Every structure is written in structure tokens, then in C-alpha cells.
Amino acid sequence: MSSKYLTALQQGLSPEQRLEQIVQHGMCIGCGLCESIATSAKVQMQVLLSGFDYPVAKAALDHAAMDKITAVCPGTRVEGLPAALVDDGTQQDDVWGAWRSMYYVHSAEPDVRHQAATGGQLTALALYLLEEKRVDFILHAKAHSEHPSFGEATISRNRADVLQASGSRYGPTATLKNALEVLQMAEQAGERFAFIGTPCDVSALRNLARQDPRVDELCQYMLTMVCGGFMAPAGLKTFVGSMGIIFSDITNLRYRGYGCPGPTTITTKDGSEHSISYLDFWGEDDSKWQLPTRCKVCPDGIGDAADIAAADTWDGGAPTQHEIDTDLGRNAAVVRTARGEQLMEQAIDAGYLVRGAALTPADMNRFQPHQEAKKRAAWARFEGRKAAKAVVPDTKGLRIKRLWQQNSSEQNAAQTEGAKLRAQRAIELDTKLK
Ligand SMILES: Cc1cc2nc3c(=O)[nH]c(=O)nc-3n(C[C@H](O)[C@H](O)[C@H](O)COP(=O)(O)OP(=O)(O)OC[C@H]3O[C@@H](n4cnc5c(N)ncnc54)[C@H](O)[C@@H]3O)c2cc1C
């Protein structure tokens, strides 16, 4: 069921226009689940002129199909951890949500720790789950075979597969494009799997679980990374151009890894490699980073609904040059569910992960000030978008209204006004371009 606001906004639109509106209003994150729900004969992810990979209606849709899409799309619905997974002993933090334990952790294998995005927590968990036969496969993302700056969904069944997918993909990544096909495959083969994806991907999968019981039966764990958003394709093109590289010459792009965070490394057609420091790529205060609209107003960059979330651990949200030179890589693990806690303990006992000191929500705010700020601003930004008659996701269990109440009225008014103006401008521009 959509909120009254969303229902009113979609009033009088055809099913195809309803899909288009989510994209035009900047709420599509490109997870691809709508293609899987509607089938690729009707909805297909396509790389548009903007460089984003977005869904396009290829044949007539009906309202029932669009209702299904609206119910699972993380652009229209985001919920916190399902009540059934909030076990006894779970603590609650207004910013960081449900948590049972938080601590430093890294892969016990030096090579994995070095290669992975941060300390290899997610890669080590995937290796443990496969090698100890706890699941049959991992659904996650690796570098895209055709678009070197993108990620794409992949199924890992062994160590080589998992290692190939380690690291962060900061480009469009449709991890759920084949979600229903994966469920069907697992069901038919009697297989179980674990999922690793962004918080939006986890939201989408949790949304799907409310519609399709196979998700909870077959997907044993949902693991995520704390996510500040991916790089908008136009921003990446500008940055690459400023390095004197022709975008279409890129054959491989590794955003980070091989160090913590490690350099961004671009390989071009002539075989040459261009390495850029993480600080030059992001800007010391994220100033070079251009985010998609959905990421700017994200109500859940912290993986509220996952069993476990993995994060970076630099004070202030970015590494110093000294840290870039010396950090061997260590994650902050935010363990939210009893089954996530059990998995972490088992992976530590089996020698896949090394646990460090305990952490608290205050430490997480220190490591992730951008996440705290975004969570606190989300409700005010949604109010602004509503004033501009722009799509906002229905939310539940994310505490964003409570956080809004804790802000000063000046802070909230500034966020609301800014979001309203940006949404108005974006909708006007889009209408003019049509
Ligand atoms: C879009 C994006 C935004 C991020 N923002 C933050 C942030 O705000 N704060 C922070 O601390 N860290 C952020 N990170 C970095 C990173 O996720 C963390 O450092 C995290 O701790 C994982 O480290 P790891 O060493 O365990 O990962 P690894 O062991 O290298 O494993 C990474 C796993 O994530 C999967 N994966 C990578 N990219 C994607 C993607 N785009 N979609 C779906 N699955 C993917 C891979 O398949 C792999 O299984 C972001 C990463 C991404 C992809």
C-alpha cells in the first residue's frame, strides 16, 4: 500500500508514467528489481543519456504490475529491520538503529584484507559462508563486464568468485536485476544463499520478502556496507576528463582496495594504468563527489534492515594522508540481529575474521559524520520534496521524524527549503527537456 501522498501524486498517471515519474523525480537508485518483477519484456534497465542505468517501459504495463513495483522499489518504500528480527537484547540508537554489538574487525587473511575495500569483513564473511558450506552461493556485485565504471550482479560459489567481487563499486549497479530468477533457481535446486548489497538493495529485498515468502526461506543473511551513495556518471566523466583520459578508452576501473582505501586505478585501451589517490578522487571533504538525487536525500545509508553492516573507521569520515600510507584496513561491524551476531562469532572462531576493540554509536558518528547528518536531515528534506510535489519514499522504522524533532527549527527549515528548491528546479528542467 502506498501512502496517501504517493497515491495522490500518481493520480491520473498511466502505469508507464508512474514508473517514469520515480525516475524523473530522482528516486530510482537503479537496483533493477522492477525489471525482474515486470520481466525484461516489459521493463528493462537501460543506460540513458545521463549515463545512469534506469528502468524503461518496453511494453504496456498495467496498474497491478506498477503497484507491485511501487511496493518493492527502494525509491518508494524503505523500512527498518523487520520486527521479527529485533531479538531480545537488541539495543536501539536513534541514528544507528537496532544493534547488538559494534566492534573493529578485519579479515584474518592479509591478502584478503589488502585487496578488499576496507578490512575485508564482507569478503571474509562470504568466504566463511561458502567454505564452511553454510550457504550454496552469494548474490552480490562485481565490476561490470561492459561498462567498466559500473557494477553488475554476480553469483559467487567459490573463493575465486568472491575475491573477484571484492572492493566497492561506486557506479550504477543493478544487483537485483535477476532477483526473481535467482530465487527460482535456488528454490528448484534446493539451495540457500546470502546477499551482499547496498542498504537500498537490502531495503528492496526486504520489501520483496513482504510479497514473496521465498526471500526469507532461501536468503539466510543480508549483509551490507554503510553507504554514502555512488558517483553520478556525469561527475565521474568530468573527473576522468580532468585527468586527460577519454572516458570511452577506459577498460577497467577499480575504485578502491589494494590498500585501505587504496588508490582509484583506471586502465585504458592502450594498457596504461592511471592511479589517483582516494583523497584526490573524493576531495578531502567529499567535495568532488557528485551524488544521485536519491543518495542526497537517503533515509537509510546505514543499512538499517541488514543483519550486519560494514563501515570505514577513519575519524571525520575520510582518511588522512598518514592513514592512507599506513592503514592496513579495519572495518567497523554493526551487528544488528541475533543471526548476524552468531555468524560473526562463527566466522571469528573459524579463523576468517579478527575482532578488535568494542565500538559504540558515538564512535560510529565520529567515523561517519555524513551519515549522522543525512539521517538527521532526511525528514526535513522529504518535507521539502513534498512541498515541490516530488516523489519521496514511504518510510517506516527509520526514526527520521524523531531525529527531525531533535534538530533546531532553523536547521529543519533550511533543509526543507533547500530540498524544495532543488526538487522544483529538477522537475521544471525535466519538463522543459521533454
Ligand atoms: C556506493 C558505496 C558507498 C559507500 N559509502 C560508504 C560510506 O558512506 N561509509 C563507509 O564507511 N563506507 C562506504 N563505502 C565503502 C565500503 O562499503 C565499506 O568500507 C565497507 O566497510 C565494506 O568493506 P569490506 O572491506 O568489508 O568490503 P569487501 O570485503 O571489499 O566487500 C565488498 C562487498 O560489497 C559488494 N559490493 C561492492 N559494491 C557494491 C555495490 N555498488 N552494490 C552492491 N554490492 C556491492 C561486493 O560484491 C563485495 O561483496 C561505500 C561503498 C559503496 C559501494
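The figures follow:
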{"read-out": "Some residue of the stretch 64-83 being farther than 30 Å from ARG339 by Cβ and crowded, with 18+ Cβ neighbours inside 10 Å", "value": "yes"}
{"read-out": "Test: residue in the stretch 131-147 that is among the small types (Gly, Ala, Ser), more than 23 Å from GLN220 (Cα to Cα), within 14 Å of the ligand (Cβ to nearest atom) and in contact (Cβ under 8 Å) with a residue 12 or more places away in the chain", "value": "yes"}
{"read-out": "Given (1) free of Cβ contacts under 8 Å to residues at least 12 places away in the same chain; (2) among the β-branched types (Val, Ile, Thr); (3) surrounded by 21 or more Cβ atoms within 10 Å (Cβ to Cβ), index of the condition ILE302 fails", "value": "(1)"}
{"read-out": "Number of positions in the stretch 252-273 that are in contact with a helix residue (DSSP H, G or I) (Cβ under 9 Å, 6 or more places away or on another chain) and surrounded by fewer than 20 Cβ atoms within 10 Å (Cβ to Cβ)", "value": "5"}
{"read-out": "Single residue of the stretch 160-218 satisfying the filter (of a type in the set (Lys, Arg) and away from the ligand (no atom under 14 Å from the Cβ)) that is surrounded by the fewest Cβ atoms within 10 Å (Cβ to Cβ)", "value": "ARG210"}
{"read-out": "Qualifying residue in the stretch 18-33 (condition: in contact with a strand residue (DSSP E or B) (Cβ under 6 Å, 6 or more places away or on another chain) and on the phi > 0 side of the Ramachandran plot)", "value": "yes"}
{"read-out": "Candidates ALA65, ALA84, ALA41, ALA8, filtered to the one that is free of Cβ contacts under 8 Å to residues at least 60 places away in the same chain, of a type outside the set (Val, Ile, Thr), more than 30 Å from ARG256 (Cα to Cα) and part of a loop (DSSP other than H, G, I, E, B)", "value": "ALA41"}
{"read-out": "Selected residue (only one of GLU345, GLU341 is surrounded by 14 or more Cβ atoms within 10 Å (Cβ to Cβ), closer than 27 Å to VAL112 by Cα and touching a Lys or Arg at 6+ places or on another chain (Cβ under 7 Å))", "value": "GLU341"}
{"read-out": "Failed criterion for SER50 (all others in (1) among the polar types (S, T, N, Q); (2) within 22 Å of the chain's Cα centre (by Cα); (3) modelled with pLDDT of 95 or more hold)", "value": "(3)"}
{"read-out": "Helices (runs of 4 or more DSSP H) contained in the stretch 335-434 and holding at least 3 residues under 24 Å from THR293 (Cα atoms) and more than 21 Å from the chain's Cα centre (by Cα)", "value": "369-387, 400-406, 409-433"}
{"read-out": "Index of the failed condition, ASP304 passing every other in (1) charged (D, E, K, R); (2) within 13 Å of the ligand (Cβ to nearest atom); (3) part of a loop (DSSP other than H, G, I, E, B)", "value": "(2)"}
{"read-out": "Qualifying residues in the stretch 320-334 (those that are modelled with pLDDT under 95 and part of a loop (DSSP other than H, G, I, E, B)) - the one farthest from the ligand (Cβ to nearest atom)", "value": "THR320"}
{"read-out": "Options ASP249, ASP280, ASP285: the member that is farther than 24 Å from ALA84 by Cβ, surrounded by fewer than 16 Cβ atoms within 10 Å (Cβ to Cβ) and either touching a strand residue (DSSP E or B) at 6+ places or on another chain (Cβ under 6 Å) or modelled with pLDDT of 95 or more (or both)", "value": "ASP249"}
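Condition check ((1) within 17 Å of PRO172 (Cα to Cα); (2) among the basic types (Lys, Arg); (3) at pLDDT 95 or above) across all residues:
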| position | (1), (2), (3) |
| --- | --- |
| GLU217 | no, no, yes |
| GLY244 | no, no, no |
| LEU253 | yes, no, yes |
| GLN290 | yes, no, no |
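The values are calculated or read from the model by the stated rules, or taken from the named source; none is laboratory data. Since the model is a prediction, treat every value here as computed from it, not as a measurement. No Cβ is skipped: glycine too gets one built from the backbone with ideal geometry, and neighbour counts run over all protein chains shown.
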